[in-house]
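One structure below.
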Amino acid sequence: MMRRVLTRRRGEGLIPYLFLAPWLIGVLAFSAIPIFTSLYLSFTNYNFIGTPNWIGLRNYLTMFTDDPQYLQSLKVTFMYVFVAVPLELAFALGLALLLNRGIGGLGTYRSLYYIPSLIGGSVAIAILWRQVFGAEGIVNQTLGVFGFDMPSWIGTPGYAVWALILLKVWQFGSPMIIFLAGLKQIPSDFYEASSLDGAGRWKQFAHITLPMLTPILLFNAIMQMISSFQAFTPAYIISEGTGGPVNSTLFYTLYLYQNGFGNFQMGYASSMAWVLFIIIGVFTWLAFKASDRWVHYDN
């Protein structure tokens, strides 16, 4: 009798793993195996056709010592991330503060402002953006009414990346919704007490709203930073896959794509992917490390 009970219990212990099997197989087939394969390929010279040829750290050395386009892609990407993300968060927070003032139709405004976050990264919006910021686009036509003679934004090296930055800022809906949820959690007693002490709106924002929102600000900053480092579609569509003009929109991911699927240098592209993974990890760690100085929690 005891043997039957033990056998039944051992059999029952396998049932959860049977239910988890589809997920485990998916993780292994589509995540774990490709990740470790790319790590191996990053130390090889591989062109999709032949056998990977082990070359050690040569790909990583080439990136930083003998590839000026790689350094340009880093420069463009860093500028995009550290300009677009603060602007996007500032714009999202400003709109969240306006929507939090009890205006009518809040649900409608929330939905309308969230739509850019859903469609902003699509191919269709990138094509539309290319038309809007072209030489004869609606932006230049509007500026021409006020006497400004502007060149094509996407055709001029000094302006092209700014068109992509504006597209990123336009996708403010997701952080705005999170900011708005955070504002709803701040007790109104804080504002009432500060008003009795003579605090104006600016002081209330600086000493109550902003400190109470710092955990949410940290979350939004990290999430938007990661997504910005991984941005690909807008640069690819607007520059037609070239990163032009004059490599001014050569995002890191676009150059990785050019090497991997354009030049068939999959080993080099894999090493670029792992460097990007390290860059994102380092900046995320720095953000959490610095948060001890400016993020305030309830305790």
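The values are calculated or read from the model by the stated rules, or taken from the named source; none is laboratory data. Everything numeric here is computed off the predicted structure, so don't read it as measured data. Glycine gets a Cβ as well: all are built from the backbone with ideal geometry, and neighbour counts include every protein chain shown. Remember, those area values only see protein heavy atoms, side chains included, never the ligands or the DNA or RNA. Shrake-Rupley method; radii C 1.70, N 1.55, O 1.52, S 1.80 Å.
Sort through LEU106, LEU57, LEU39 and tell me the only one that's within 30 Å of PRO187 (Cα to Cα) and either aliphatic (A, V, I, L, M) or in contact (Cβ under 8 Å) with a residue 60 or more places away in the chain (or both).
LEU106
Quick one: in region 141-175, of everything that is part of a helix (DSSP H, G or I) and over 27 Å from LEU254 (Cα atoms), which residue is farthest from the chain's Cα centre (by Cα)?
My answer is VAL145.
Yes or no: THR44 open to solvent by less than 50 Å² (accessible area, probe 1.4 Å) and out of contact with any Ser or Thr (no Cβ under 6 Å at 6 or more places or on another chain)?
Working: open to solvent by less than 50 Å² (accessible area, probe 1.4 Å): yes; out of contact with any Ser or Thr (no Cβ under 6 Å at 6 or more places or on another chain): yes.
Taking the combined requirement at face value, the residue satisfies it.
Return the total of residues in region 25-41 being surrounded by 12 or more Cβ atoms within 10 Å (Cβ to Cβ) and more than 25 Å from the chain's Cα centre (by Cα).
The number of residues fulfilling the criteria is 2.
Checking ASN59 against (1) among the polar types (S, T, N, Q); (2) open to solvent by 90 Å² or more (accessible area, probe 1.4 Å); (3) touching a Gly at 6+ places or on another chain (Cβ under 8 Å), only one condition comes out false. Which one?
With respect to (1) among the polar types (S, T, N, Q); (2) open to solvent by 90 Å² or more (accessible area, probe 1.4 Å); (3) touching a Gly at 6+ places or on another chain (Cβ under 8 Å), ASN59 is out only on (2).
With respect to GLY134, determine if the residue is open to solvent by less than 30 Å² (accessible area, probe 1.4 Å), at pLDDT below 90 and not β-branched (Val, Ile, Thr).
yes
Determine, yes or no, whether LEU118 is among the aliphatic types (A, V, I, L, M), without any contact (Cβ under 8 Å) to a residue 40 or more places away in the chain and part of a helix (DSSP H, G or I).
Judged against the criteria, LEU118 is not a match.
Could you say which residue among ILE237, ILE186, ILE216 is closer than 27 Å to ASP292 by Cα and assigned to a helix (DSSP H, G or I)?
On the way: ILE237 fails: closer than 27 Å to ASP292 by Cα; ILE186 fails: assigned to a helix (DSSP H, G or I).
Exactly one of ILE237, ILE186, ILE216 is closer than 27 Å to ASP292 by Cα and assigned to a helix (DSSP H, G or I), namely ILE216.
One residue is enough: does region 144-160 have a residue meeting the conditions in contact (Cβ under 8 Å) with a residue 60 or more places away in the chain, among the hydrophobic types (A, V, I, L, M, F, W, C) and surrounded by fewer than 19 Cβ atoms within 10 Å (Cβ to Cβ)?
no
Return the residue satisfying two criteria in turn: it lies in region 98-122 and is within 21 Å of GLN224 (Cβ to Cβ) and aliphatic (A, V, I, L, M), and of such residues it is least open to solvent (accessible area, probe 1.4 Å).
Top of the filtered list is LEU99.
Could you check region 246-299 and list, in sequence order, the residues that are among the hydroxyl-bearing types (Ser, Thr, Tyr) and either surrounded by fewer than 17 Cβ atoms within 10 Å (Cβ to Cβ) or in a helix (DSSP H, G or I) (or both)?
Start the filter on region 246-299 by keeping residues that are among the hydroxyl-bearing types (Ser, Thr, Tyr), which leaves 248-249, 252-253, 255, 257, 268, 270-271, 284, 291, 297.
Once the filter is applied, which keeps residues that are among the hydroxyl-bearing types (Ser, Thr, Tyr) and either surrounded by fewer than 17 Cβ atoms within 10 Å (Cβ to Cβ) or in a helix (DSSP H, G or I) (or both), region 246-299 yields TYR252, THR253, TYR255, TYR257, TYR268, SER270, SER271, THR284, SER291, TYR297.
For LEU95, all conditions in the list (1) modelled with pLDDT under 95; (2) outside any loop (DSSP other than H, G, I, E, B); (3) open to solvent by 50 Å² or more (accessible area, probe 1.4 Å) hold save one; what is the number of the exception?
(3)
Please determine, by comparing only the residues of region 62-81 that are open to solvent by 60 Å² or more (accessible area, probe 1.4 Å) and either within 19 Å of GLY120 (Cα to Cα) or among the charged types (D, E, K, R) (or both), which one is farthest from the chain's Cα centre (by Cα).
So, considering only residues that are open to solvent by 60 Å² or more (accessible area, probe 1.4 Å) and either within 19 Å of GLY120 (Cα to Cα) or among the charged types (D, E, K, R) (or both), the one farthest from the chain's Cα centre (by Cα) is ASP66.
Within the bounds of region 23-32, is there any residue that is in a helix (DSSP H, G or I) and under 19 Å from ILE278 (Cβ atoms)?
Checked against the condition, which is being in a helix (DSSP H, G or I) and under 19 Å from ILE278 (Cβ atoms), region 23-32 yields at least one hit.
So SER174 clears everything in (1) within 30 Å of VAL76 (Cβ to Cβ); (2) surrounded by fewer than 18 Cβ atoms within 10 Å (Cβ to Cβ); (3) of a type in the set (S, T, N, Q) except one condition, right? Which one?
(2) is the only condition that SER174 fails.
Within region 206-222, work out how many residues are out of contact with any Pro (no Cβ under 8 Å at 6 or more places or on another chain) and touching a residue at least 40 places away in the same chain (Cβ under 8 Å).
11
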